[in-house]
Amino acid sequence: MTRSTMRRDVRDALADVEGLVPVPWSVEELTERLGAHRGKPIRLVAWTFPAEPDAPTGLWVATEQADYVFYDDAASPARREQIIGHELGHLLLGHTPRLSEALDGLIEALAPSVSPELARQVLAMARTGYAEADEAAAELFGTSLIRAAHTKRGPAERGELGRLTEALQ
């Protein structure tokens, strides 16, 4: 995938969800709206990921009933939004993992709460389970989404000067 193709795909995915971004901003509300829009709920799950340098900080698990976005429970609020945005990027950009590479880590990470048989049946996307181009696209999507969400404000949030400026345009 070329950089221009990646940028176009990300731009198209962002345009598809633009009307779903809530004002005031809430990543939880966005996730609810995306799930309703897609007809399949998206559940956010705080998770304790290994504190190793190459360990993933986010994970997307797709089942027939719902999509689950796991994020590092030790992450700051800003980092948490970035992780969730990145994983939503994989979901909305239609990425599929190279599951054989991610399966062992997935089973190990989910084993305390999910049987290995179930873990093998789900589509799991760990950051180590993608092609490098998919990672770059998901990161660009997540960064762009969060940046746009934080700059999108309703009239009440912009204050008096913002409303006056809008009225003059």
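Here, each number is a calculation from the coordinates, and none is a lab measurement. None of the values given here were measured: they were computed from a predicted structure. Heads up, the Cβs are rebuilt from the backbone with ideal geometry, glycines too, and the neighbour counts pull from every protein chain shown.
Values for this structure:
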quantity	calculated
Options MET6, MET1; residue that is farther than 15 Å from LEU92 by Cβ and in contact with a helix residue (DSSP H, G or I) (Cβ under 7 Å, 6 or more places away or on another chain)	MET1
Test: GLY39 is over 25 Å from MET6 (Cα atoms), exposed (fewer than 15 other Cβ atoms within 10 Å of the Cβ) and free of Cβ contacts under 8 Å to residues at least 12 places away in the same chain	yes
Filter result (crowded, with 19+ Cβ neighbours inside 10 Å and under 15 Å from SER76 (Cα atoms)) within region 48-59	PHE49, THR57, GLY58
